[in-house]
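A quick write-up on the structure given underneath.
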Amino acid sequence: MALTAVCAKINAPIFSVKHPEAFQIGAALPVPQPSALVGALAYCLGVHKGIGVRALEEARRVVVMARAKLMKGTTTITPIILRRFRILDKGLEAKAKGKAPAFDMACNALQSGDFEAFRKTIEVDLMDALYREYISNASIKCAWILRGPFDSKLLYLLQRLGDTESLVTVEEAWSATLRSTKVDRVSTDYPLASTENVSRVRGDYTMLRMCDEKRSPTMYYVPCRREVLRTPDDVKYFVYAPTKIDVEFKQAIEVFVIDEEETIGG
């Protein structure tokens, strides 16, 4: 069966894809990692076909390669302190043997009219806070190479990428042209997996560990640079700016060309 490609342009007012080696969302990746893109495709399939989590198996079976890149402009890195209620997990656990779970204690306090005890349980015992990093005002192009045909319109079902608080909008989705060729050097603005076959990389890039399409942690050359900018009143802030890298290989490799843009699998 012939390979096909679909693409989507995504606008993200705020999104966060967890760095594989970070605790919680303490550090976010500048672009969605390949495994997150497989999960995004699985969500679209699951909603369309009504097959729930079984869609992930289908997505992993049909995806040959998934890549995302930052488009023009700069993307702001925004750290925040997130407060969250832990009612559905922490609230159903008893702190000590023979003691009622916190959620039951809150319900009992509310029923008895003890609003101070109810508030303390909900706002103190069942709440925590953590540091998270988000990417703001991002414009991202996502590309999937698939085993067989795929209706690109299904990508409009996508609502988020990465963390549950992420907000994304699919601005455009389309079926892309696809061809492959063998080369010993390439110029690309998509992430490239670091392998022994890579002999030289030129240009600005960031080395990051990301999960590949099979959720295996892999080092990638990500074509972007981290910059420090200043507001008019001299407040510093961090941004990612998209770049392009020139790569030379020890031996010729197969390169996929999507809409005349070169991408490398692996």
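Please treat every number below as a calculation from the coordinates, not as lab data. Remember, predicted model here, so these are calculated numbers, not experimental data. Glycine gets a Cβ as well: all are built from the backbone with ideal geometry, and neighbour counts include every protein chain shown.
Charged side chains reduced to their Cβ positions (Lys and Arg at +1, Asp and Glu at -1) give the chain a dipole of some 360 debye around its Cα centre. Checking the Cα-Cα distances for K69/K90; K97/K214; K49/K95; K214/K244 against a 30 Å cut-off, the pairs over it are K69/K90; K97/K214; K49/K95. GNM remark for the chain: springs join alpha carbons under 10 Å apart, and the peak mean-square fluctuation among E213, E171, E123 falls on E123.
What FRET efficiency would be calculated for the residue pair V228, R54, taking the C-beta separation as r and a Förster radius of 51 Å, to the nearest 0.05? According to the calculation, E is roughly 0.65.
Of all aspartates and glutamates in the structure, the ones whose alpha carbon falls short of 13 Å from that of K250, not counting any fewer than 8 places away in one chain, are D184, E196.
In terms of surrounding Cβ atoms within a 10 Å radius of their Cβ, D89, D184, D233 rank from fewest to most as D233, D89, D184. Relative to the first principal axis of the alpha-carbon coordinates of the chain, what is the inclination of helix 34-49, with its axis defined by its Cα atoms, in degrees from 0 to 90 and to the nearest 10? Orientation of helix 34-49: about 70 degrees from the principal axis. Each of V64 and K9 was given a label point 7 Å from its Cα along the Cα-to-Cβ line. The distance between the two points is 2.5 nm. For I87, which sequence-distant residues (separation of 5 or more, or a different chain) have an amide H within less than 5 Å of its own amide H, given hydrogens modelled in the peptide plane? Residues meeting the amide H criterion: none.
Can you bin the stretch 1-157 into rounded, prolate or oblate? Criterion: square roots of the alpha carbon gyration tensor eigenvalues sorted a ≥ b ≥ c, rounded for a/c under 1.5, prolate for a/b above b/c, oblate for the rest.
Working: a/c = 3.13, a/b = 1.94, b/c = 1.61.
Since a/c reaches 1.5 and a/b is larger than b/c, the shape of the stretch 1-157 is classed as prolate.
Here the stretch 157-180 and the stretch 192-237 have alpha carbon centers that stand 20 Å from each other. Taking I145, I80, I14 in turn, the Gaussian network model of the chain (Cα-Cα springs below 10 Å) assigns the largest fluctuation to I80.
Using only the alpha-carbon atoms, how far is helix 102-111 inclined from the longest principal axis of the chain? Give it as 0 to 90 degrees, nearest 10. Rounded to the nearest ten degrees, it is 50.
Note on I81 and R209: the model spin-label points, each 7 Å out from Cα along the C-beta direction, lie 2.9 nm apart.
Take the Cα of A96, step 7 Å along the line toward its Cβ, and report every residue of the stretch 124-158 whose backbone nitrogen sits under 17 Å from that point. From the stretch 124-158, the list is 125.
Full extension of the chain segment joining S139 with L88 gains 15.0 nm, where the gain is 0.36 nm per residue of separation less the Cα-Cα distance. Of all aspartates and glutamates in the structure, the ones whose alpha carbon falls short of 19 Å from that of K120, not counting any fewer than 8 places away in one chain, are D89, E93, D104, D128.
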